[in-house]
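S.K.: If you scroll down you'll find the structure; I have some questions about it.
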Amino acid sequence: SVARVFSSQAAKQLRKSTSAYSNASETATAYTNLQSTFMELSGVALSDDMTGFWKSFSDMAGKVENLSHRTTVISNAQTLTDHFNKLHANLEDSRKSYDGEIEAGVTNINNLLREIGSLNAAIVSGASGGLSASQAHDLRDSRGEKLRQLGAVPLLDASFRETSPEKFPRNGLP
């Protein structure tokens, strides 16, 4: 005889911990990408270019007729403009990348939910007699694994509750 040992509290805690870890991991990755985009720690920071631009403007004050000061302002303005354009391109690339990740994530969530729905239907129909205890346990284990995978999705809290088939209408699903 096969007995299924399952702790819903332990499974719930595992899903919550997995979700919290996924959230923290995704947040850290996003911050790292943002830091990399703005290059503030690499010595080629936007703040450095802005400081150079404003300093050259300040140096030119009162000496507008001096060609070298005007040339420096124009050069620093071009450097700052190039930096802003590069930031825009990098942020646009990041946005496209995140859009792709979100699309893939939604597809994954939808597939998992479809599979969980199919497993729920099989569990309900099997509860009325068509499955052995071992098969029923396997279905519940498969559903538990799918819920664990769903719980690993950042910002998603996956949970469920067991309900006996008698509580559903004839064509209802858990």
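The values are calculated or read from the model by the stated rules, or taken from the named source; none is laboratory data. As the structure is a prediction and not an experimental result, all values here were calculated from the model. For neighbour counting, all protein chains shown are included, and Cβ atoms are generated from backbone atoms with ideal geometry for every residue, glycine included.
S.K.: For L87, work out the one condition from (1) among the hydrophobic types (A, V, I, L, M, F, W, C); (2) closer than 25 Å to Q35 by Cα; (3) modelled with pLDDT under 85 it doesn't fulfil.
M.R.: So the condition that L87 fails would be (3).
S.K.: Let me ask something additional. For region 23-60, which residues satisfy the criterion of being within 30 Å of K146 (Cα to Cα) and modelled with pLDDT under 80?
M.R.: Correct list: N23 only.
S.K.: State which residue is modelled with the highest pLDDT when the search covers only region 61-84 and only residues that are among the aliphatic types (A, V, I, L, M), surrounded by fewer than 14 Cβ atoms within 10 Å (Cβ to Cβ) and in a helix (DSSP H, G or I). Give the derivation first.
M.R.: Here is the first cut: in region 61-84, the residues among the aliphatic types (A, V, I, L, M) are 61, 64, 67, 73-74, 77, 80.
Of the ones still in play, those that are also surrounded by fewer than 14 Cβ atoms within 10 Å (Cβ to Cβ) are 61, 64, 67, 74.
Next cut, in a helix (DSSP H, G or I) only: 67, 74.
On the way: L67: 90, I74: 94.
Filtering region 61-84 for residues that are among the aliphatic types (A, V, I, L, M), surrounded by fewer than 14 Cβ atoms within 10 Å (Cβ to Cβ) and in a helix (DSSP H, G or I), the one modelled with the highest pLDDT comes out as I74.
S.K.: Kindly indicate which of S94, S118, S47 is under 32 Å from the mean Cα position of the chain (by Cα), among the hydroxyl-bearing types (S, T, Y), closer than 24 Å to A30 by Cα and surrounded by 13 or more Cβ atoms within 10 Å (Cβ to Cβ).
M.R.: Result: S94 is the single residue among S94, S118, S47 that is under 32 Å from the mean Cα position of the chain (by Cα), among the hydroxyl-bearing types (S, T, Y), closer than 24 Å to A30 by Cα and surrounded by 13 or more Cβ atoms within 10 Å (Cβ to Cβ).
S.K.: Which pairs have Cβ atoms under 6 Å, sit 6 or more apart or on different chains, and link a residue in region 9-27 that is in contact (Cβ under 8 Å) with a residue 60 or more places away in the chain to one that is surrounded by 14 or more Cβ atoms within 10 Å (Cβ to Cβ) and assigned to a helix (DSSP H, G or I)?
M.R.: R15/G151; T18/G151; S19/G151
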